[in-house]
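A quick write-up on the structure given underneath.
Readers should treat all values here as calculations from the given coordinates under stated rules, not as data from a laboratory. Keep in mind that what you see is a predicted model, and the values were worked out from it rather than measured. All Cβ positions, glycine included, derive from the backbone under ideal geometry; neighbour counts span all protein chains shown.
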Amino acid sequence: MPAPDFLDTNILVYAYDPGDQRKQRIAQNLVRKALAGDILVSAQVLAEFAATLLHKMQPAARPEDAAAVLDALGPIGVVSPDAELVRRAVNARGKYGVHFYDGMIVAAAERGGCTRIWSEDLDPGQKYFGIAVENPFQ
């Protein structure tokens, strides 16, 4: 079985934001793969996504609608944070100069055994702890 990929928050946001239909289609395809078990997320990614739905999307999602979306994403494998993951995020900050929360993404992908992070925010082509970043929208 090949190693899984990892989705950054922005991919989930684009999957549910009709503002850019091209990005939405690409993101929805990645979410379908995640639902099939080929791609992981972290608890942080789900939390950031929920916050975006509830506070940043226009119009903002109602709590019950955001909960329904999270329920639909339930089959996706989730990497949970702990003290060691936080420590590894600090290491990512020191080694690569990334923002701490991006370091949490990298650390979660590493813990999940991922070989690729799908992200619009991290530098495409960059490797963090051996994990390649790819921007699916380029």
Contact order relative to length for the chain, counting C-alpha pairs under 8 Å separated by 6 or more residues, stands in percent at 28
Treat the count of other C-beta atoms within 10 Å as a stand-in for reagent exposure and order Phe100, Phe137 from fewest to most.
Phe100, Phe137
Proximal lysine pairs in the chain, meaning Cα under 24 Å and 8 or more positions apart or interchain, come to 5
Between 0 and 90°, nearest 10: helix 21-35 axis offset from the chain longest Cα axis
70
Mind jotting down the three principal axis lengths of the range 24-68 based on Cα atoms? Whole angstrom, largest first.
29, 23, 16
Testing the spin-label approximation: label points 7 Å from Cα along Cα→Cβ at Val90 and Ala132. State their distance in nm.
3.2
Helix 63-72 vs. the chain, principal-axis angle (Cα, 0 to 90°, nearest 10):
60
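Taking only the alpha-carbon atoms of the range 5-134, what semi-axes of the equivalent ellipsoid follow from 5 times the gyration tensor eigenvalues under a square root, in whole Å, largest first?
Working: eigenvalues 114, 48, 40 Å².
Each semi-axis is √(5λ); the values are 24, 15, 14 Å.
Of the beta bridges DSSP finds with both residues in the range 5-134, what % are antiparallel, to the nearest 5?
Working: 2 of 13 bridges.
Bridges in the range 5-134 are about 15 percent antiparallel.
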Taking 25 Å as R0, compute the FRET efficiency from the Cβ-Cβ separation of Met57 and Thr115 and round it to 0.05.
0.20
Determine, for Glu64, Glu134, Glu48, Glu84, the number of other Cβ atoms within 10 Å of each Cβ, and report the residues in order from fewest to most.
Glu64, Glu84, Glu134, Glu48
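Counting Lys and Arg as +1 and Asp and Glu as -1, each charge on the Cβ, what is the dipole of the range 1-116 about the Cα centre in debye, to the nearest 20? Could the numbers behind the result be given before it?
Numbers: 13 positive and 13 negative charges, 68 e Å.
Using Cβ point charges on Lys, Arg, Asp and Glu, the range 1-116 gives about 320 debye.
For Tyr101, Tyr14, what's the fewest-to-most ordering of other Cβ within 10 Å of each Cβ? Intermediate values should be presented prior to the final figure.
On the way: Tyr101 13, Tyr14 23.
Least crowded to most crowded, the residues run Tyr101, Tyr14.
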